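Heads up, the thing below is written out as structure tokens.
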Amino acid sequence: MPETGNPIRTAIVEDDRMVREVLEILLNGSPGFTCVAAYGTGEDALNGLPDVNPDVVLMDIGLPGISGIECITRLMEQSHKMLFIMLTIFEDADVIFQSLSAGASGYLLKQTPPAKLLEAIEDVYHGGSPMSREIARKVIQSFQHPAVTAASENNLTNREEEILTYLVKGLLYKEIAGKLFIGVETVRTHIRHIYEKLQVRTRSEAIVKYLNK
């Protein structure tokens, strides 16, 4: 649950009615979360989301009409406050990269267990960038060597490179803290320094810049 005690206001963009309803039930039935809107198309989401202004949006990619990636691109032109998690069946590296480039903060497969999905929403809300393990592996395999170059070109310290690598792998803040035997707040401090050096504002932008060199 957010530190303020307010539930995380989450919206859903999913064309499969059954999947959409299951997600609504999950969110509304879980302490610390609430579903404030649900849409079946990207066009409906474009019309409704700016007024609803949710904290986090679960976005499908393969929507009728405009895709989820295009939907995020247009919404990001209007507001940088909404956070997006792709919830999809697509595992193609190009689609993953396009999603992150468009502004998605996380990328999960639809078979993600409910508890992990809720954890990912909370992580994104607090500045994280979760990815399903399968997706993280594909990202690393596709961009491993350019990533190392990007880190060195931006004068990241060894610790910052290590943390950024974990971010690319999709680890949560608390998981990174556990692996490095440091506090979560220390992880956040390192990430702020990474943002400054890479000249980015979000984790997804940092990952894209890190992988795109």
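The values are calculated or read from the model by the stated rules, or taken from the named source; none is laboratory data. Small disclaimer: the values here were computed from a predicted structure and weren't measured. Glycine gets a Cβ as well: all are built from the backbone with ideal geometry, and neighbour counts include every protein chain shown. Just the protein is used for accessible areas: all its heavy atoms, side chains included, with ligands, DNA and RNA removed. Shrake-Rupley method; radii C 1.70, N 1.55, O 1.52, S 1.80 Å.
Quickly run through the range 148-186 and pick out the residues that are modelled with pLDDT of 85 or more and in contact with a strand residue (DSSP E or B) (Cβ under 9 Å, 6 or more places away or on another chain). Hits for the range 148-186: nothing passes. Can you find a residue in the range 60-71 that is within 30 Å of ILE194 (Cβ to Cβ) and aliphatic (A, V, I, L, M)? For the range 60-71, residues within 30 Å of ILE194 (Cβ to Cβ) and aliphatic (A, V, I, L, M): present. If you check HIS145 against the conditions, is it more than 17 Å from the chain's Cα centre (by Cα), in a helix (DSSP H, G or I) and modelled with pLDDT of 85 or more? For HIS145, the condition - more than 17 Å from the chain's Cα centre (by Cα), in a helix (DSSP H, G or I) and modelled with pLDDT of 85 or more - is not met. Taking the range 5-22 as the range and being within 15 Å of PRO114 (Cα to Cα) and surrounded by 22 or more Cβ atoms within 10 Å (Cβ to Cβ) as the test, the residues that pass are THR10, ILE12. Just to be sure, is ILE25 under 27 Å from GLU91 (Cα atoms), open to solvent by 40 Å² or more (accessible area, probe 1.4 Å), modelled with pLDDT of 95 or more and not charged (D, E, K, R)? The answer is yes for ILE25. Scanning the range 95-135 for residues that are among the hydroxyl-bearing types (Ser, Thr, Tyr), out of contact with any Phe, Trp or Tyr (no Cβ under 9 Å at 6 or more places or on another chain) and assigned to a loop (DSSP other than H, G, I, E, B) returns a single hit, THR112. Looking across the range 192-213 at every residue that is in contact with a Lys or Arg (Cβ under 7 Å, 6 or more places away or on another chain) and under 18 Å from VAL124 (Cβ atoms), the one that is modelled with the lowest pLDDT is identified as VAL200. Scanning the range 1-16 for residues that are of a type in the set (D, E, K, R), farther than 11 Å from MET59 by Cα and modelled with pLDDT of 95 or more gives a single hit, ARG9. PRO130 passes every criterion in (1) modelled with pLDDT under 80; (2) in contact with a helix residue (DSSP H, G or I) (Cβ under 8 Å, 6 or more places away or on another chain) apart from (1). Could you check, for the range 82-105, whether at least one of its residues is loosely packed, with under 15 Cβ neighbours inside 10 Å and over 18 Å from ILE135 (Cβ atoms)? No, because not a single residue in the range 82-105 is loosely packed, with under 15 Cβ neighbours inside 10 Å and over 18 Å from ILE135 (Cβ atoms).
Tell me whether the range 47-61 contains one or more residues that are polar (S, T, N, Q) and out of contact with any helix residue (DSSP H, G or I) (no Cβ under 9 Å at 6 or more places or on another chain). Step through it out loud before you land on a result.
Narrowing the range 47-61 to residues polar (S, T, N, Q): 47, 53.
Checking which are out of contact with any helix residue (DSSP H, G or I) (no Cβ under 9 Å at 6 or more places or on another chain) leaves us with 47, 53.
Scanning the range 47-61, I find at least one residue that is polar (S, T, N, Q) and out of contact with any helix residue (DSSP H, G or I) (no Cβ under 9 Å at 6 or more places or on another chain), so the answer is yes.
Number of residues in the range 28-73 that are of a type outside the set (Gly, Ala, Ser), loosely packed, with under 15 Cβ neighbours inside 10 Å and assigned to a loop (DSSP other than H, G, I, E, B) equals 3.
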